[in-house]
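J.: What follows is a single structure, and I will ask about it in a moment.
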Amino acid sequence: MDKRLGLGLGLAAAVVSLGSALFYARSNSPPVDPPTPPPEPAWHFADIPRIDVHTHIPPSQYRWAAATFARFGVRIALNASGGHPSGGGLEETIAASETVDGAILSYCSLDFTEVESPDFAAYAVRTLDDCRAQGAVGLKISKALGLGYMLSDGTLLPVDDPRLDIVFEHAGELGMPILIHSGDPQAFFTPSTPDNERYAELSAHPGWSFYGPIPEGPEGAVWPTWQEVFDQFERRVARHPNTRILGAHFGNAPEDPERVTRMLERYPNLYVETGARVPEMGRFDPDRMREIFERFPTRILFGTDFQVGRRGTLALGSAGAEPDTEDRIPFFYEQQFRYFETDEEDFAHPTPIQGNWTIDGIALPRELLERFYFRNAVDLFGLPDPSAPAAP
Ligand SMILES: [Zn+2]
């Protein structure tokens with residue numbers, strides 16, 4: 001450094017410290033900096049409201065959940081555990097919704113165990129009508145369809161069983177979108193051995209394996225393959241062009257974005273949400289993943305699969321043998337926001353139990369982020385626009 005410049009800087013520093021010495025002398029107490037708000041991370045477009053289209057919340061946890069969601073910009077959450085009407089829990093979740101000013105809204109569900117009864121079609125129509133009348137925003141169908149309901153002949157009720165056509169058709173007539181989870185991660189359909197990349201998750205939850213014999217099934221019954229269940233799902237989507245179907249977990253095929261792209265191309269009634277699948281999505285070339293959002297800007301929705309149990313236990317997308325703890329919630333949201341909003345590489349994904357790898361962000365432009373975070377959900381479910389100024 002130039003000597004004179006160094007001297008000048010030294011002198012300036014001396015003057016500054018003299019100035020603050022005088023200040024101290026006059027005020028008698030050291031100056032207190034105004035509290036600085038925590039820095040807003042670059043990967044958090046905090047001014048964009050979010051609608052989470054895939055959560056599970058029991059009514060007793062609504063106040064806590066709504067307050068928690070608000071901390072992360074989630075202004076509306078759709079509860080996939082909204083319950084059945086007529087005593088199956090829907091009345092309770094709809095009532096709880098009012099206690100949080102509609103920040104949590106219900107999907108409803110229906111019971112497929114009666115599918116072999118001749119009255120099933122009437123039951124389905126009546127139930128969906130009740131769901132709509134009570135204020136459910138959509139119908140949720142869980143993976144038990146395809147992997148859970150066993151028929152009297154000992155086979156599993158497939159996703160595309162024709163007796164269920166009425167459910168999908170009538171939901172379409174009522175304008176109710178259907179959130180449907182079919183199948184599960186592909187690794188759950190392969191042997192649960194140490195080389196399975198989901199070994200940690202399968203070890204914590206042995207019942208999540210869909211490989212080999214069905215434990216409670218009849219002699220010789222084996223689980224279907226991943227592909228068989230996915231094909232049932234595809235036939236279902238194809239059969240109901242007038243019903244809007246929201247494929248859970250990135251269209252039930254997060255391991256295969258090209259397949260998701262083909263599905264979105266082929267079926268204009270199909271939408272997908274991202275619940276609990278950022279870990280899978282983040283493994284792919286970020287440019288390619290961004291292209292999918294660019295190509296289908298109105299048909300990909302933000303979902304997290306944030307799950308709260310009746311006693312307040314947490315599963316953030318998925319959990320190990322022990323439930324997740326509350327202090328992990330910021331990480332869960334932040335790693336998702338980081339994925340959608342930045343081009344950072346090689347960072348931890350939000351749900352560690354799902355596997356030991358890192359992800360790369362896709363840096364969606366703001367216009368796409370707005371669609372993805374809330375506008376598409378507003379349009380699909382007919383929700384209030386959370387970006388509109390509140391009524392006076
Ligand atoms: Zn879920």
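J.: For the stretch 294-346, how many residues meet the condition of being of a type in the set (S, T, N, Q) and touching a helix residue (DSSP H, G or I) at 6+ places or on another chain (Cβ under 6 Å)? Quick ask: steps written out before the conclusion?
T.: At the first step, the residues of the stretch 294-346 found to be of a type in the set (S, T, N, Q) are 298, 304, 307, 313, 318, 325, 335-336, 342.
When the remaining residues are screened for being touching a helix residue (DSSP H, G or I) at 6+ places or on another chain (Cβ under 6 Å), the result is 298, 318, 336.
Count: 3.
J.: Read through the list (1) of a type in the set (A, V, I, L, M); (2) surrounded by fewer than 17 Cβ atoms within 10 Å (Cβ to Cβ); (3) within 14 Å of the chain's Cα centre (by Cα), then give the number of the only condition that residue 321 fails.
T.: (3)
J.: Would you mind telling me which numbered condition in (1) surrounded by 20 or more Cβ atoms within 10 Å (Cβ to Cβ); (2) within 24 Å of residue 334 (Cβ to Cβ) residue 237 fails?
T.: With respect to (1) surrounded by 20 or more Cβ atoms within 10 Å (Cβ to Cβ); (2) within 24 Å of residue 334 (Cβ to Cβ), residue 237 is out only on (2).
J.: OK, next. Filter the stretch 70-101 down to residues that are in contact with a Leu (Cβ under 9 Å, 6 or more places away or on another chain) and not in a strand (DSSP E or B) and give me whichever is farthest from residue 59 (Cα to Cα). Give the derivation first.
T.: Restricting attention to the stretch 70-101, the residues satisfying the condition of being in contact with a Leu (Cβ under 9 Å, 6 or more places away or on another chain) are 76-80, 82-85, 88, 93-94, 97.
Add one more test, that the residue is not in a strand (DSSP E or B), and what stays is 80, 82-83, 85, 93-94, 97.
On the way: 80: 12, 82: 9, 83: 10, 85: 15, 93: 5, 94: 9, 97: 8 Å.
Checking each candidate, the answer is 85.
J.: With the checklist (1) assigned to a loop (DSSP other than H, G, I, E, B); (2) touching a residue at least 12 places away in the same chain (Cβ under 8 Å); (3) of a type in the set (Gly, Ala, Ser) in hand, flag the one item residue 117 doesn't pass.
T.: Here residue 117 meets the rest and fails (2).
J.: Suppose we filter 183, 212, 217 for residues that are over 27 Å from residue 382 (Cα atoms), of a type in the set (Gly, Ala, Ser) and free of Cβ contacts under 8 Å to residues at least 40 places away in the same chain; which single one remains? Steps first, please.
T.: Working: 183 fails: free of Cβ contacts under 8 Å to residues at least 40 places away in the same chain; 217 fails: free of Cβ contacts under 8 Å to residues at least 40 places away in the same chain.
Every option except 212 fails the conditions.
J.: Listed residues 337, 347; which is more than 16 Å from the ligand (Cβ to nearest atom), more than 24 Å from residue 80 (Cα to Cα) and of a type in the set (A, V, I, L, M, F, W, C)?
T.: Values: 337 fails: more than 24 Å from residue 80 (Cα to Cα).
Only one candidate passes the filter, namely 347.
J.: Separate question: Scan the stretch 42-62 and report the pairs whose first residue is under 21 Å from residue 100 (Cα atoms) and whose second residue is of a type in the set (D, E, K, R) and in a strand (DSSP E or B), with Cβ atoms within less than 8 Å and a gap of 6+ or a chain change.
T.: The qualifying pairs are 49/75; 50/75; 51/75; 53/273; 54/273.
J.: If you don't mind, another one. Which of the residues belonging to the stretch 153-180 are without any contact (Cβ under 8 Å) to a residue 40 or more places away in the chain and within 16 Å of the ligand (Cβ to nearest atom)?
T.: none
J.: Give me a count of the residues in the stretch 108-135 that are more than 21 Å from residue 237 (Cα to Cα) and within 16 Å of the ligand (Cβ to nearest atom).
T.: 0
J.: One residue is enough: does the stretch 237-248 have a residue meeting the conditions among the basic types (Lys, Arg), modelled with pLDDT under 95 and either farther than 30 Å from residue 324 by Cα or touching a helix residue (DSSP H, G or I) at 6+ places or on another chain (Cβ under 9 Å) (or both)?
T.: Of the stretch 237-248, the ones among the basic types (Lys, Arg) are 239, 244.
Keeping just the survivors that are modelled with pLDDT under 95 gives none.
No: the stretch 237-248 contains no residue that is among the basic types (Lys, Arg), modelled with pLDDT under 95 and either farther than 30 Å from residue 324 by Cα or touching a helix residue (DSSP H, G or I) at 6+ places or on another chain (Cβ under 9 Å) (or both).
J.: Inside the stretch 254-266, can you point out the residues that are in contact with an Asp or Glu (Cβ under 8 Å, 6 or more places away or on another chain) and more than 16 Å from the ligand (Cβ to nearest atom)?
T.: 255, 263
J.: Ok, one more. Name the single residue that is nearest to the ligand (Cβ to nearest atom) among those in the stretch 271-313 being surrounded by fewer than 22 Cβ atoms within 10 Å (Cβ to Cβ) and either among the hydroxyl-bearing types (Ser, Thr, Tyr) or closer than 27 Å to residue 239 by Cα (or both).
T.: Among them, the one singled out is 313.
J.: Could I ask something else about it? Could you give every pair whose Cβ atoms fall below 6 Å, whose first residue belongs to the stretch 75-103 and is touching a residue at least 40 places away in the same chain (Cβ under 8 Å), and whose second residue is in a strand (DSSP E or B) and among the charged types (D, E, K, R), counting only separations of at least 6 or pairs across chains?
T.: Cβ pairs passing all conditions: 77/52; 80/140.
J.: Just name the residue that is farthest from the ligand (Cβ to nearest atom) out of those in the stretch 224-253 that are among the β-branched types (Val, Ile, Thr) and assigned to a helix (DSSP H, G or I). Walk me through how you get there before you give the answer.
T.: The initial filter retains those residues of the stretch 224-253 that are among the β-branched types (Val, Ile, Thr), namely 225, 229, 237, 243, 245.
Now narrow it down to the ones that are assigned to a helix (DSSP H, G or I): 229, 237.
Details: 229: 16, 237: 19 Å.
The extreme case among them is 237.
The values are calculated or read from the model by the stated rules, or taken from the named source; none is laboratory data. Worth saying up front: this structure is predicted, and the values here are computed from it rather than measured. Positions of Cβ are backbone-derived with ideal geometry, glycine not excepted, and every protein chain shown enters the neighbour counts.
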